[in-house]
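Below: the structure, in structure tokens.
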Amino acid sequence: MKLKNQLNLLATLITAIPLACIVFVCINYYLRTQKNMLLTGYEQVTKLDSSNMTDEDYKIFKRNVQLLPKTVETALVDNFTGLVITSSIKELPTNSIVSQWELYLIMGSNSDKYFYQFTTLKTSTLDSIMITRVPRRKGVPSRNQVLLTSLYALLSLIVVICIIIIVRLSITINKSINEIDNETKAIADGNLSKKIEFNRKKSNEITSISESLEKMRVSLVEAQNQKSKFIMGISHDLRTPVAVIKGYTEAISDGIITGQDDINNAMSLITEKSNQLEDMIDTLISFTKMNSVEIRESMKTQSITDFITEIINEEQTTGGVFKRNIITDIKFEKDVLVPFDKMLARRVFENLFNNALRYTNDGDTITLTSYIADNSVIYKIQDTGIGIDKTDLKQIFNMFYRGTNSRREEGMGIGLSVVQNIIETHGWKIDVESQKNIGTTFTITIPY
């Protein structure tokens, strides 16, 4: 259950308990009112006005008394003479005379068997008392008692269920919060070795955060591994030109290299390696300075079809110089304008083409294709080089990652990461397909 739903349910249950108690108190009060606690036949008796009863009303009353249930026995006794005017109580026969003392004796002898009720009735000629009694039913609760007992049981059950659910929800929420707190603290402390466990079946916001934290932990571990590989790689790449520069300068200063031609050759190599070091440093600086906001601000709406045509023509010329077989296929039915940074876009296409040159040999084929499809400009560069290992294919765009095939080549493993960053900032898309020893195809999709 979602955490939001759990909190809503918790609030509802907390509110429901006092509401249920209020409803129960109201029902209990209603059932215990005089109207509901009096004897059967109360409605028929209370319809009469005891203070203003006419003779005709009195006759009607006598008839109504006869209509009462058989379990209700009544007697109407004159308050002054003790005359039993009418009666269904066998101890008080009609037209008999009964004193107050005898009446109390009759009630006392039968109080364990009957409930008694007295009502004063007055007319213009008569002042009387109506006696009503019903038998006591031992062990048989009244309807109100049954209803109240049921309400007690229902309320108790509701309260118990609510308390159980509230406790369980509180434990679940508290446990989830503690787990997420411990997980974030572990990551903050740099402990990335412990896998974050979460139950997919109990999906809520907390498990979603745990899942995101686990993905972040894995990404951080991968980033650390890539960083370590990068440091090892860049150390090797920087050490090589530094060693050459150091070796030749020491050889010249120690007099090992003495001939002018040899010195000139050594100085040329030193200059070449110095330029190589400078290029590496510039690449690192440009990579760290690359900012998506700055790239977007530098974009200008211009013809992407003209730009790609220009790039392919340049690559065709360059490929010929490097003894590659270049095949081009450009099909643009119209001119397409999109916003892009021309310098950065050139860097993307040149990087992909340079990789194709690097991982192919003399006489290998590089195919450059571009066309319009589905409101997008498509650019493909396909080579017949050494290909990319499947283990490397998913990570070639990762920062600092260097595949197994690139170990023999110079570079710092950030070229394709820069390419992807530029492409995604432009809102474009890049895909790669490759098979070992068959070749690689990069596809750039530019929507318009």
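Could you please rank M343, M216, placing first whichever residue has the fewest other Cβ atoms within 10 Å of its Cβ?
Starting with the residue having the fewest Cβ neighbours, the order is M343, M216.
Order by neighbour count: S99, S128, fewest other Cβ atoms within 10 Å first, most last.
Taking fewest neighbouring Cβ atoms as first place, the list is S99, S128.
With label points built 7 Å along Cα→Cβ from the Cα atoms of R168 and S303, find their separation and express it in nm.
It is 7.1 nm.
Give me the one-decimal nm value for the distance between modelled label points at K394 and K246, 7 Å along each residue's Cα-to-Cβ direction.
4.0 nm
Apply the Karplus parameterisation 6.51 cos²θ - 1.76 cosθ + 1.60, with θ equal to phi minus 60°, to every residue of the range 306-317 and state each ³J(HN,Hα) to the nearest whole Hz, in sequence, with x for glycine and proline.
Karplus values, whole Hz, x for Gly and Pro: 5, 5, 5, 4, 4, 4, 5, 4, 5, 5, 5, 5.
So which of K175/K429; K300/K390; K194/K394 end up more than 31 Å apart by C-alpha?
Cα-Cα > 31 Å for K175/K429; K300/K390; rest within.
Using a 7 Å offset from the Cα along the Cα-to-Cβ direction at both I161 and N437, what is the distance between the two label points in nm, to one decimal?
According to this spin-label approximation, the distance is 7.0 nm.
Taking the Cβ-Cβ separation of E424 and N225 as r and a Förster radius of 35 Å, what is the calculated FRET efficiency to the nearest 0.05?
For E424 and N225, the calculated efficiency is 0.95.
Taking N as the number of residues in the range 295-447, what is its Cα Rg relative to 2.2 N^0.38 Å?
Ratio of Cα Rg to 2.2 N^0.38 Å: 1.01.
Values in this text are rule-based calculations from the coordinates and carry no lab data. Treat the numbers as computed from the prediction; the structure is a model and nothing was measured. Counting neighbours? That spans all protein chains shown, and the Cβs are built from the backbone with ideal geometry, glycine included.
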